[in-house]
Every structure is written in structure tokens, then in C-alpha cells.
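Q: One structure, pasted below without further comment.
The values are calculated or read from the model by the stated rules, or taken from the named source; none is laboratory data. Model, not experiment: these values are computed from the prediction. Don't worry about glycine lacking a Cβ; one is built from the backbone with ideal geometry, like all the others, and counts go over all protein chains shown. These accessible areas exclude ligands, DNA and RNA; they are computed on the full protein's heavy atoms, side chains included. Shrake-Rupley method; radii C 1.70, N 1.55, O 1.52, S 1.80 Å.
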Amino acid sequence: MTTGVGTAPRSPDLPRYRGRFAPSPTGPLHAGSLVAALASWLDARAHDGQWLVRIEDVDTPRCVPGAADFILQQLAACGLVPDAPPQWQSARGALYQRALDELVSQGHAYPCACSRKDVEDAQAALGHARERHAALPYPGTCRRGLHGRPGRSWRFNATDFKQKQALALDIQALEATTLIAINLLHWQDRRLGLQQQDVASAVGDFVLRRADELWAYQLAVVVDDANQGITDVVRGADLADNTPRQILLQQALGVPTPRYLHTPLVYGDNGEKLSKQNGAQALDLRDPAHALSALARAASVLGLTPLAHPNNNCIPDALALWVAAWRRNYNGPS
Ligand code: GLU
């Protein structure tokens, strides 16, 4: 299979480790997103690797003007400076198109005519009721054709993909139990341990390009991680259940799967995960002392040693201490 997403074969000059922090510019960094930023930076430094920042601004209606620059300033105030100029997803549409074309030509993606209401009606007809916050799998309405309706979005055929892989391995006589085993995707998270998901039954055939012509996060993130030679993804645990979809796409595009580490989340007083959507406060980084205490809170979420002298406002010293602690915790074999 080709690597049409523009990945070059890894040259011996490329660093052994390349990590990234990939904020969506929907608002400033808050206490939760700083944990992911700090963890990805520490992991890169602990491996003597490179650390990149990628601005994930494909979902343009959710992006806030000026937020990306503000996030970069917040990172710099915390001493987290990328090793190369940040990449912006909004400039990378041609790469995503190339990847989609490749998936379509391999028979792994298909056009979908369903509106959100069509999907909900089909799910209801199957007797599925939506639980709070839970997404139901796409019922597969357009998998075998559009039946004369115009295509609106593009979906990855997760339902058939694992079985096609199995057939390529010449597995004969698929019994029901074998089929269940084949559909399960396993991966090793460096903090959470062995994980598994049956993508077809958990989420179904997922969207690659939306009806409003915006690129879906799943496709953009896989293309960019491959294109930028990312070896290690370190990000918040709220994204852990996206990983199997991303691994399927990597397999379909013939690009390497990075290692994954999902960091603990930060919860607000209402018990909900801190997020821009539920009104998390922007970090107060007005001077080095404030930046250091924000970093110290993030470090403690990551289980790192509290600072011996919290009043010493030296961010580089604190970061060096945490790199050493991180190295002890996370540099083992995975
Ligand atoms: N852009 C995503 C976010 O801000 C992170 C994506 C990733 O790290 O894979 O939640």
C-alpha cells in the first residue's frame, strides 16, 4: 500500500523521538490543556527528542480569532517552546484530500447522503436510544450505495476494514467468535495499559470529511502525525477512545502507528472534565510566579514531585526536575 499522505521513508537523520502538542484554537489554555502540553513536552525532553506544536484549526466555526497566538504565548510563558515553527491544519487541506482520495481508491471510504436526522431516525428504527453524552454507531445506511441520494460527507468503512484485513491474511471459515476477535483492535497505552475497542460496533463507519466540507479531526490528525513523523502522541485521556479509529486509518493508509500515552484529566468543582466548552478559566500566567504555580499544579496531576522551593520562580529549574522525574516514570520499555 502506498503512503499517499506524503510521508517520506524515515531517514536515519530524523530524530528517534518526535512528539507534539496539538491544541484546537477554540480558546486559551486552561488547567486541563496545560497538563497535556506539559506532559508532551516532558516526554519529548525525557527522550532527548523533538517537540512540535500543531494548531488544529480545521473546525473553523469553533475556532476563536487570536486564540492560537494566545496559546503559543501561554506556552512560551511556561517555558514550553516548540523546536520548529508551528504547523496550521487549515493550510494542509491538499494533504487531507490526497489521503481521502487514496482511501476511496482502496475501497476504504464511501460517500454518505445522511443528515444528522437521517442517522438518528435510522438508529431509532433499529431500536437504539441515545444515552446522555453517548454517541450511537452509524447504522451503515450508505455503506452499500447512495440509492440515488446526493453524497454529503465521506465515511471510513470501519465495518468491513478489519474483515478485509483478515481475508488478506487468508483466514478461512470465519466463525462468529473469530469474527468478534478480528473486529477487536488492541493497542498499548503507555499509562493506561492494554486497551481494546471494536470500532465497527462502538462508533461504526466514521466521518472523514463532513457535509459542510470541513475535514474531520480523525483524518487530519492521522495525516499530520504521519506527515510530521510523530513517533509519540501524548494527550489527554478524553481522546483515548479516538485512538482505535486513528490506528485503523493508519493501517488503511499504510503509515506507522505512533506510541500513545493518555494523561489524567482535570475535573472542575462540578465534577465535569475541565474543558473550554464547560467554561474552564484561562490560565493566569501574568508573571513567572503565576506561570510556575500553574505548571506545578499540572505537574502534580501528572504525579510528579512537588517543588522543594515553590517560591523560587525559576521555571527552567522546575522543568529540569520534572524531566528527570518523568524519565524515571515513563522511559521504560513499552
Ligand atoms: N486538537 C485536539 C484538542 O485540542 C487534540 C488532538 C490530539 O492531540 O490528537 O483536543
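Q: For residues in segment 238-250 being away from the ligand (no atom under 11 Å from the Cβ) and hydrophobic (A, V, I, L, M, F, W, C), which is surrounded by the most Cβ atoms within 10 Å (Cβ to Cβ)?
A: This residue is 249.
Q: Might you let me know whether segment 164-186 holds any residue that is at pLDDT 65 or above, open to solvent by 80 Å² or more (accessible area, probe 1.4 Å) and polar (S, T, N, Q)?
A: no
Q: Look at residue 255 and say whether it is more than 14 Å from the ligand (Cβ to nearest atom) and of a type in the set (Val, Ile, Thr). Before you say what the answer is, go through the steps one by one.
A: On the way: more than 14 Å from the ligand (Cβ to nearest atom): yes; of a type in the set (Val, Ile, Thr): yes.
When the stated conditions are applied, residue 255 passes them.
Q: Six or more apart or on different chains, Cβ under 6 Å: which pairs go from a residue in segment 60-83 that's over 17 Å from residue 293 (Cβ atoms) to one that's open to solvent by 40 Å² or more (accessible area, probe 1.4 Å)? Could you list them?
A: Correct list of pairs: 70/28; 83/50.
Q: If I filter segment 64-76 for residues that are at negative phi, open to solvent by 20 Å² or more (accessible area, probe 1.4 Å) and touching a Ser or Thr at 6+ places or on another chain (Cβ under 9 Å), do I get at least one hit?
A: Narrowing segment 64-76 to residues at negative phi: 64-65, 67-76.
Remaining after also requiring open to solvent by 20 Å² or more (accessible area, probe 1.4 Å): 64-65, 69-70, 72-73, 76.
Within this subset, residues satisfying the condition of being touching a Ser or Thr at 6+ places or on another chain (Cβ under 9 Å) are 64.
Checked segment 64-76: at least one residue is at negative phi, open to solvent by 20 Å² or more (accessible area, probe 1.4 Å) and touching a Ser or Thr at 6+ places or on another chain (Cβ under 9 Å).
Q: Please work out if residue 205 is buried (at least 22 other Cβ atoms within 10 Å of the Cβ), under 29 Å from residue 157 (Cβ atoms) and more than 16 Å from the ligand (Cβ to nearest atom).
A: yes
Q: I'd like the full set of residues that are open to solvent by 60 Å² or more (accessible area, probe 1.4 Å) and assigned to a loop (DSSP other than H, G, I, E, B), limited to segment 99-123.
A: 106
Q: Please specify each residue of segment 256-290 satisfying the condition of being of a type in the set (Gly, Ala, Ser) and under 20 Å from residue 25 (Cβ atoms). Walk me through it before giving the result.
A: First pass over segment 256-290, keeping only residues of a type in the set (Gly, Ala, Ser): 268, 271, 275, 279-280, 282, 289.
Those that are of a type in the set (Gly, Ala, Ser) and under 20 Å from residue 25 (Cβ atoms): 275, 279, 280, 282.
Q: Being part of a helix (DSSP H, G or I), in contact with a helix residue (DSSP H, G or I) (Cβ under 9 Å, 6 or more places away or on another chain) and either among the hydroxyl-bearing types (Ser, Thr, Tyr) or closer than 19 Å to residue 274 by Cα (or both) is the filter here; which residues of segment 37-69 pass it?
A: Initially, segment 37-69 is screened for residues part of a helix (DSSP H, G or I), giving 37-46, 60-62, 67-69.
Those still in the list that are in contact with a helix residue (DSSP H, G or I) (Cβ under 9 Å, 6 or more places away or on another chain) too: 37-39, 41-43, 45-46, 60.
Within segment 37-69, 37, 38, 39, 60 qualify.
Q: Can you list residue pairs whose Cβ atoms sit under 7 Å apart, with the first residue in segment 33-54 being surrounded by fewer than 21 Cβ atoms within 10 Å (Cβ to Cβ) and the second being small (Gly, Ala, Ser)? Count only pairs 6 or more apart in sequence or on different chains.
A: 49/19
Q: Oh, and also: Please work out if residue 32 is part of a loop (DSSP other than H, G, I, E, B) and within 13 Å of the ligand (Cβ to nearest atom).
A: On the way: part of a loop (DSSP other than H, G, I, E, B): no; within 13 Å of the ligand (Cβ to nearest atom): yes.
Here the answer is no, as residue 32 does not meet what is asked.
Q: Kindly indicate which of 219, 194 is at pLDDT 95 or above, out of contact with any Gly (no Cβ under 9 Å at 6 or more places or on another chain) and either crowded, with 16+ Cβ neighbours inside 10 Å or closer than 18 Å to residue 43 by Cβ (or both). Walk me through how you get there before you give the answer.
A: Numbers: 194 fails: either crowded, with 16+ Cβ neighbours inside 10 Å or closer than 18 Å to residue 43 by Cβ (or both).
Criteria check complete, one pass: 219.
Q: Here's a check for you: in segment 227-237, which residue that is near the ligand (Cβ under 9 Å from one of its atoms) and touching a Gly at 6+ places or on another chain (Cβ under 8 Å) is farthest from residue 49 (Cα to Cα)? Walk me through how you get there before you give the answer.
A: Going through segment 227-237, the residues near the ligand (Cβ under 9 Å from one of its atoms) turn out to be 233-236.
With touching a Gly at 6+ places or on another chain (Cβ under 8 Å) added as a condition, the list becomes 233-234, 236.
Details: 233: 13, 234: 13, 236: 20 Å.
So the residue we want is 236.
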